[in-house]
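The values are calculated or read from the model by the stated rules, or taken from the named source; none is laboratory data. The structure displayed is predicted, hence computed values, not measured ones. Every residue, glycine among them, receives a Cβ derived from its backbone with ideal geometry; neighbour counts consider all protein chains shown.
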Amino acid sequence: MPKVVEPRYGNLPDETGSNGCFETMRVYRKKVFRLDAHLDRLYASAKFLGTAVPKREDLRARLLKRLKQSQLAEAVLRVALIPRSDGSLGNRRLFSSTAPQGLISIVVQPVILPPASVYRQGVHVAVVPTRKFPVSIVDPQAKYSARLGSVLAIMDAQLRTVDEALFTDATGYVTESTASNFGIIRKGAMFSSPCWVGLLSGITRDVLREIAQSLDVPFHEVPLTRHDLYVADEAFLSSTLKEILPVVSIDGRRIGTGWPGPISRALHRAFRELIRSETHRAQGCRG
Ligand SMILES: Cc1ncc(COP(=O)(O)O)c(C=O)c1O
């Protein structure tokens, strides 16, 4: 029988403990990839959620110090800003000088990547019944910690014995996956749904946009339907941790040849090349 604990006695975080925002970053060769983009997004999330923040330069210095202490060259760096309530949520005095300071969690972990075979073979995904909130209700631009939707979507994916879930919005447009963005390739061009259908503006997705331009692959933001997905030549997930992970089947429909396609592979190669060139430079005042 599990132990029953009493929150009042400090055994549990208070009710706002999962109400924070966070960033997950990749460290390559001791350098944080696109650190400033992650800090921009963290501070924007905190502003949206009314979370107290430390001075950006202080936080940046603490992140880099913690990374150095870890002595890891290849790592995952996580930072979370967790608001501390002065009582119930209703009593919070947002933005005021008396607003309680929150907690900062900084964790450096060794990288545990999907095995190389997953990139060679691709993954299988399904469009799941769990929907993304409309942006008018919960805007996913804030990278908040409370993610019941993602938990339910992962359960949906497991029930369908696929690797990952794809969300749709209330209309049926495909938005993103539980912790990654999603895109397709059709007739040599890349397509991804725009943020207003309900997806996080991913940093990897932005990098992909840059890379696509350098490879002369047009990038279009259009609301994607399931039909667009099923007739795609290639499809992929993108995130800081996964980088660019090819998708080879959606809802049991084979995508393209059923193997990772040439454009997805070229994009991933160019992505790794960009990481190499950016992390080659010293990490001074910029990320
Ligand atoms: C819901 C969601 N969408 C997309 C992404 C990809 O974002 P990024 O490329 O910045 O890692 C993430 C990353 O954690 C995510 O949680």
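Across the stretch 226-242, the number of residues qualifying as touching a strand residue (DSSP E or B) at 6+ places or on another chain (Cβ under 8 Å), touching a residue at least 60 places away in the same chain (Cβ under 8 Å) and surrounded by fewer than 23 Cβ atoms within 10 Å (Cβ to Cβ) comes to 5. Looking at the stretch 167-182 only, could you name the residues that are in contact with a helix residue (DSSP H, G or I) (Cβ under 7 Å, 6 or more places away or on another chain) and crowded, with 24+ Cβ neighbours inside 10 Å? Within the stretch 167-182, Phe167, Val174, Thr175, Asn181 meet the criteria. Reported count of residues in the stretch 150-181, each being polar (S, T, N, Q) and within 12 Å of the ligand (Cβ to nearest atom), is 6. Before we move on, is Ala189 outside the structural domain of Leu39 (by TED's automatic domain parsing) and away from the ligand (no atom under 16 Å from the Cβ)? So Ala189 passes the test. Of the residues Thr279, Thr204, Thr240, the single one that is touching a helix residue (DSSP H, G or I) at 6+ places or on another chain (Cβ under 7 Å), of a type in the set (Ser, Thr, Tyr) and under 28 Å from Phe22 (Cα atoms) is Thr240. The condition of being away from the ligand (no atom under 12 Å from the Cβ), in contact with a Ser or Thr (Cβ under 6 Å, 6 or more places away or on another chain) and among the hydrophobic types (A, V, I, L, M, F, W, C) holds for only one of Leu237, Leu224, Leu274, that being Leu224. Taken over the stretch 119-139, the residue count meeting the criterion of being farther than 13 Å from Thr168 by Cα and without any contact (Cβ under 8 Å) to a residue 60 or more places away in the chain is 3. Checked against the criterion of being more than 13 Å from the ligand (Cβ to nearest atom) and charged (D, E, K, R), the candidates Asp139, Asp216, Asp206 yield just one match: Asp216.
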